[in-house]
Amino acid sequence: MEKRCLRKKDNLWILFNGKEYCVGLTKEAQEELGAITFASTQKVGTALKQGDTLVELEAEKAVSEFSSPLTGVISSINEKIDQSIDILNDEDELNAWLVSFKEVDPSQFEAL
C-alpha cells in the first residue's frame with residue numbers, strides 16, 4: 001500500500017517531503033478568500049501546538065485566521081511572501097506554501 005504524503009485539513013494542505021512537513025493554502029481557501037493582500041506568519045523557531053494560530057490573512061473577501069494542523073516547531077517560512085504577497089494567490093497551490101514544520105509526531109500527520 002502506498003503511503004500518502006499529502007493531507008488536507010481546514011483549507012490547508014500538509015505535505016511530508018521525507019524530512020519536514022510543509023503547510024500551504026488550498027485552492028478552496030484561495031477561492032473563498034479572494035486575492036490575499038496581507039499575511040502575518042509565525043517566526044522560525046516558534047513551537048506551536050495543533051490548533052494554535054499559524055497565520056492571519058487579509059484578503060478582498062475576508063480576514064481569516066488559520067490554525068496549525070500539527071504540533072511542531074517552525075523550521076522555515078516562505079520568504080517570497082515578504083517579497084510579493086501574490087505568491088499566496090498562485091494558480092499552483094504548492095507555490096502558496098506558508099511554513100514548514102520539524103519535530104512533528106508522524107502519527108499526528110497520519111491521523112489527518
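The values are calculated or read from the model by the stated rules, or taken from the named source; none is laboratory data. On a predicted model such as this, the values are computed, not experimentally measured, just so you know. Positions of Cβ are generated from backbone atoms using ideal geometry, with glycine treated the same way; all protein chains shown enter the neighbour counts.
If Glu91 satisfies all but one of (1) outside any helix (DSSP H, G or I); (2) within 20 Å of Arg7 (Cβ to Cβ), what's the number of the condition it fails? So the condition that Glu91 fails would be (2).
Against the test of being within 17 Å of Asp10 (Cα to Cα) and either assigned to a strand (DSSP E or B) or among the hydroxyl-bearing types (Ser, Thr, Tyr) (or both), the options Leu112, Leu98 yield a single qualifying residue, Leu98. Could you tell me which residue of the range 62-88 is nearest to Gln50 (Cα to Cα), considering only residues that are in a loop (DSSP other than H, G, I, E, B) and aliphatic (A, V, I, L, M)? Checking each candidate, the answer is Leu70. Screening Glu56 on (1) farther than 19 Å from Lys8 by Cβ; (2) in a strand (DSSP E or B); (3) touching a Leu at 6+ places or on another chain (Cβ under 7 Å) shows it passes everything except condition (3).
Applying the criterion of being free of Cβ contacts under 8 Å to residues at least 40 places away in the same chain and part of a loop (DSSP other than H, G, I, E, B) to the residues of the range 37-51, the residue that is surrounded by the most Cβ atoms within 10 Å (Cβ to Cβ) is Thr46.
Of the residues making up the range 52-68, just one is exposed (fewer than 12 other Cβ atoms within 10 Å of the Cβ) and among the small types (Gly, Ala, Ser), namely Ala62.
Residue by residue through the range 45-69, note down the ones that are among the acidic types (Asp, Glu) and under 12 Å from the mean Cα position of the chain (by Cα). If the condition is that a residue be among the acidic types (Asp, Glu) and under 12 Å from the mean Cα position of the chain (by Cα), then Glu56, Glu65 are the ones that fit.
The set of residues from the range 10-36 being within 14 Å of Ser67 (Cβ to Cβ), among the hydrophobic types (A, V, I, L, M, F, W, C) and not in a strand (DSSP E or B) comprises just one member, Ala29. Right, Glu91: of a type in the set (D, E, K, R) and touching a strand residue (DSSP E or B) at 6+ places or on another chain (Cβ under 6 Å) or not? Answer is no for this residue.
Per the conditions (1) within 13 Å of Phe109 (Cβ to Cβ); (2) at pLDDT below 95; (3) within 12 Å of the chain's Cα centre (by Cα), the sole criterion not satisfied by Thr41 is (1). Output the residues belonging to the range 15-32 that are surrounded by 20 or more Cβ atoms within 10 Å (Cβ to Cβ) and either of a type in the set (Val, Ile, Thr) or closer than 18 Å to Ser100 by Cα (or both). Those that are surrounded by 20 or more Cβ atoms within 10 Å (Cβ to Cβ) and either of a type in the set (Val, Ile, Thr) or closer than 18 Å to Ser100 by Cα (or both): Tyr21, Cys22, Val23, Gly24, Leu25.
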